[in-house]
1. Within region 42-80, how many residues are within 33 Å of the chain's Cα centre (by Cα) and in a helix (DSSP H, G or I)?
2. Within region 230-253, does at least one residue satisfy the condition of being under 21 Å from the mean Cα position of the chain (by Cα) and either surrounded by 12 or more Cβ atoms within 10 Å (Cβ to Cβ) or within 30 Å of residue 340 (Cα to Cα) (or both)?
3. Considering only residues that are β-branched (Val, Ile, Thr) and in contact (Cβ under 8 Å) with a residue 40 or more places away in the chain, look in region 152-202 and name the one that is surrounded by the fewest Cβ atoms within 10 Å (Cβ to Cβ).
4. Just one of 110, 118 is touching a Lys or Arg at 6+ places or on another chain (Cβ under 8 Å) and at pLDDT below 75; which is it?
5. When region 129-149 is examined, which residues are found to be hydrophobic (A, V, I, L, M, F, W, C), more than 20 Å from residue 66 (Cβ to Cβ) and modelled with pLDDT under 95?
6. Would it be correct to say that residue 142 is of a type outside the set (Ser, Thr, Tyr), part of a helix (DSSP H, G or I), more than 23 Å from residue 87 (Cβ to Cβ) and in the same structural domain as residue 42 (by TED's automatic domain parsing)?
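The values are calculated or read from the model by the stated rules, or taken from the named source; none is laboratory data. These numbers were taken from a predicted model, which means no experiment stands behind them. Positions of Cβ are backbone-derived with ideal geometry, glycine not excepted, and every protein chain shown enters the neighbour counts.
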Amino acid sequence: MIRTYLPKNTEELIHWYERYISPLALIAGFLIDNFFLLDRVDVVFGNILLFSYLVLAAACIVLLNYVESGKTRNSYVLSVAPFVPVAMQLAFGALFSGYLALYSKSASIAVSWIFVFAIAALLIGNERFRRSYTQLPFQVAILYTALFSFLIFILPVIFKSIGPAMFLLSGAVGLFVMTLFLLVLHSLMPERFDPARTKIARIIAVLFVTFNVLYFLNLIPPLPLALKGAGVYHSITRSGFEYTLRYEPLPWYKRYFNYNTQFHRAPSESAYVFTSIFAPTGLETRVVHEWQYFDEPTGEWLTRTVVDFIISGGRDQGFRGYSQKGTLEEGKWRVNVKTQYGQLIGRVSFSVIDAPEIVSLETEVR
């Protein structure tokens, strides 16, 4: 009786996998990556896992095209060949699931939503790409996208440095690795590679330029940095390794979404913005708090104060720091948390409302 519900042949098994297992694996994989394996970008096991998926995807491309070229008659290889596109799809799905978990934690959605949305689209669309995975140019395009996305954050983790130089190095390494991979394809199966050579070169060139444009427009999240927590406070005092923060109480839903934060400012009272920024162990870099006021007549954000300080990596909950501003006009304010190269790590937005006296406050220790 149970046998009637199980796949009866290879094609039915693949169809059964795509219909039932793959969507569940997609959801489960993202949850596992997000909360356990890739909670921080410098987890060795998580990065080894992502690298292994890259190797698996590349191996599947080579094997699939080798079979398609007709150069092998090995019965075992031919018997597993129908599963190769599924394995490739699984590897790419796992990669983009991991990337979405990492990049979404680092992204300021207000600025980096384009790149995060693209990663999410690749992850969700991965379930619809099976036919496209039989085409060599498409395979190479997805592999290069996955490789570049991996190098963007793994090289800063390895070299303990961030910035344009690291990004340019990531691009150079990506092109070098892809060149070696394409040489392997050409040497093993020129009849499959040569007709697609021009199209592949154009695709890689377009992707390379796209990544660089997104980066230098500050549209790629600044991994390996990630904003773990931030907010506006009425006072901050430090005692040893602890910070005591005093803030206006908010309903739980407003605190969770950081929505419509109001700062009731008493005469001569200062505002403090506190941030916890994660960085990998051994990495030191400078970050900036850029205080901006929204000028209603012009409709522009005007920079009022810029404060910078150095953070050190390694702490799970991020390096803690704050900036203070004493003179605040009534109205809309925001503090952009940036790298020294201008990439937006996060943002704290709030409205200043003049009050005759200090409002009731709650205390939090971090």
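1. First, pick out the residues of region 42-80 that are within 33 Å of the chain's Cα centre (by Cα): 42-65.
Pick out the ones that are also in a helix (DSSP H, G or I) and you get 44-65.
The qualifying residues number 22.
2. Initially, region 230-253 is screened for residues under 21 Å from the mean Cα position of the chain (by Cα), giving 230.
Cutting the leftovers down to either surrounded by 12 or more Cβ atoms within 10 Å (Cβ to Cβ) or within 30 Å of residue 340 (Cα to Cα) (or both) gives us 230.
Yes - at least one qualifying residue is present in region 230-253.
3. Within region 152-202, the subset β-branched (Val, Ile, Thr) is 152, 154, 157-158, 162, 173, 177, 179, 184, 198, 200.
Narrowing further to those that are in contact (Cβ under 8 Å) with a residue 40 or more places away in the chain: 152, 154, 157, 162, 184, 200.
Numbers: 152: 24, 154: 19, 157: 24, 162: 24, 184: 14, 200: 20.
The qualifying residue surrounded by the fewest Cβ atoms within 10 Å (Cβ to Cβ) is 184.
4. Numbers: 118 fails: touching a Lys or Arg at 6+ places or on another chain (Cβ under 8 Å).
Residue meeting the stated conditions: 110.
5. Initially, region 129-149 is screened for residues hydrophobic (A, V, I, L, M, F, W, C), giving 129, 136, 138, 140-143, 146-148.
Going one step further and asking which of them are more than 20 Å from residue 66 (Cβ to Cβ), we end up with 129, 146-148.
Result: 129, 146.
6. On the way: of a type outside the set (Ser, Thr, Tyr): yes; part of a helix (DSSP H, G or I): yes; more than 23 Å from residue 87 (Cβ to Cβ): no; in the same structural domain as residue 42 (by TED's automatic domain parsing): yes.
In short, no.
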